[in-house]
Every structure is written in structure tokens, then in C-alpha cells.
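To start, the structure itself, in C-alpha cells.
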């Protein structure tokens, strides 16, 4: 079966592996700021976790959802695409490992994003649900610029 080279959420969901469908649905939710679709993509328990470039670890869906609410309701325009990725799958779990590229626009400031990304999904009622996400920005200057732009009050 042919796998996608990149995923941004605009892909048609046909003839793809289940893990790719779960990833497409995540990027559809993120890039379209669709909170309901994002909520449906995550396992909504205390065992879910997220580590992102803005610092800290969010544990449990109640903390994770606040991150997406801030992004979706905030003033920044953010778009990301997942590429150069691999999927490692067992019967009830899969991990995707790759990179995200995209942009963050806030007012007259624009930042090109380059993020190392992994996502872990597990089967819940025969559906893939995200249980962990980790994102890292390797370039110190990009990380500092991203953090100062997003965290400015």
C-alpha cells in the first residue's frame, strides 16, 4: 500500500491505512481550527499527555484541550504539514515520527515553523485516539522567536 509523503488535512480519506486516516483527521482539525474534530481525535482521559515547544507537559484531556482552545481562539494564523514521517504500528497502538513545516502569522510578523514531531495513538472502541504528542524545535533562534511571539501579551 502506498503511503502519503505529507499530510496537511486536505487529503481525501480513501484507500489509506487507518493510521494515516487518524493523522489526516488531526491535521484537518488543527489547520481548520475545528475543536470538535480535535476533541474526537484525542483520547479524553487523564492518561493523555502533550509536550510542546511552548514549554511544560500537559496531562489529561482537560489540560490538553486548553492548549487547542487558546490556539483556535487566539489572534495567530497557524498552519502545519506533517512530512518525512514513518509509522510504527502494532495491533492496538501506532506511533508516527516525522517533521512539521508551516507558518505562524501574528499581525505583521510571520515565522516559518520547523518542528520535530511524534504522535502516539491507541485503539479505543475500534477507533484510533491520540494519547501522546511531542513536538520540539531544534533551532534555538527559531524556538526563541516562536516563544516570544506566541507568549507576548
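The residue that is nearest to residue 90 (Cα to Cα), counting only those in segment 29-38 that are more than 10 Å from the chain's Cα centre (by Cα) and in a helix (DSSP H, G or I), is 37. Among residues of segment 6-28 being in a loop (DSSP other than H, G, I, E, B) and at pLDDT below 90, the one that is nearest to residue 140 (Cα to Cα) is 10. All of (1) modelled with pLDDT of 95 or more; (2) surrounded by fewer than 15 Cβ atoms within 10 Å (Cβ to Cβ); (3) in contact with a helix residue (DSSP H, G or I) (Cβ under 9 Å, 6 or more places away or on another chain) hold for residue 55 with one exception: (1).
The residues of segment 94-149 that are within 29 Å of residue 46 (Cβ to Cβ), touching a strand residue (DSSP E or B) at 6+ places or on another chain (Cβ under 7 Å) and at pLDDT below 90 amount to a single one, 146.
The values are calculated or read from the model by the stated rules, or taken from the named source; none is laboratory data. Fair warning: this is a prediction, and the values are worked out from it, not measured in the lab. Backbone-built Cβ (ideal geometry, glycine too); neighbour counts: all protein chains shown.
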